[in-house]
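Just so it is clear, none of the values below were taken in a lab; they were calculated from the coordinates. Predicted, not measured: the structure shown is a model, and the values here were computed from it. Methodologically, a virtual Cβ is constructed for each residue, glycine included, from the backbone with ideal geometry; neighbour enumeration extends over all protein chains shown.
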Amino acid sequence: MGLDTYARRAPEEELTAEDSQAFEAAGIELCGGIFSGGGGSFRGKVYDDLILEITGVSLYQEWIPPEQVREMYQAFAECEPEKTLQEGEADGRFWHEHSTDEIAELRAFFRVCAERGLGLAGWW
């Protein structure tokens, strides 16, 4: 099952121009889908296993509220990328290969969301 993940102010509310500018300024480079990628969105299916490993939260939800996204960012801020990858790969918990660069990009994405009070909307 596919999944696109979008930063949102509310489940059906688009980002403001300032929100979009914050993502642009962060220069985040994550895998996109047909309708996602850049501007506060990414292909969630590619990163769900990694995000679940770090935060304990699956992206396969219609709405993840801002409070929970802040907690997810805190988990990214505290994680040790090399250790996370070694443990996840050793235990076979990852569906995809991941890198420390991806963790850094996801950390930046979640930082923008946390700073701007954004939640995440999932579409599949």
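Amide H to amide H distances under 5 Å link TRP63 with GLY122, where only residues 5 or more positions off or on other chains count and H is placed in the peptide plane. Let me know the longest stretch in the chain that avoids all GluC sites (Glu not before Pro) found in a DSSP loop with at most 16 other C-beta atoms within 10 Å. Free of exposed loop sites, the longest segment is 63-96. Stretching the chain fully between ALA10 and TYR60 yields a gain of 16.3 nm (0.36 nm per residue, less the alpha carbon separation). Given their separation in residues at 0.36 nm each and the Cα-Cα distance between them, SER99 and ALA75 gain 7.0 nm when the chain is fully extended. Of the residues THR84, HIS98, SER20, the one whose Cα sits farthest towards the positive end of the charge dipole of the chain is SER20 (charges of +1 on Lys and Arg Cβ, -1 on Asp and Glu Cβ, taken about the Cα centre).
For the chain, dividing the convex hull volume of the Cα atoms by the residue count gives 91 Å³ per residue. For the chain, averaging the sequence separation of C-alpha pairs within contact (under 8 Å, six or more residues apart) and dividing by the residue count gives a relative contact order of 40 percent.
When only the Cβ of Lys, Arg, Asp and Glu is charged (+1, +1, -1, -1), the dipole of the chain relative to its Cα centre reaches about 220 debye.
Placing R0 at 35 angstrom, the Cβ-Cβ distance between ALA26 and ALA90 gives a FRET efficiency of 0.65 after rounding to 0.05.
Shown here for the range 1-89: chymotrypsin sites (Phe, Trp or Tyr not before Pro) in loop regions (DSSP other than H, G, I, E, B) with at most 11 other Cβ atoms within 10 Å, namely PHE35.
For the chain, the longest principal axis of the Cα atoms and the long axis of helix 81-90 meet at an angle of about 60 degrees.
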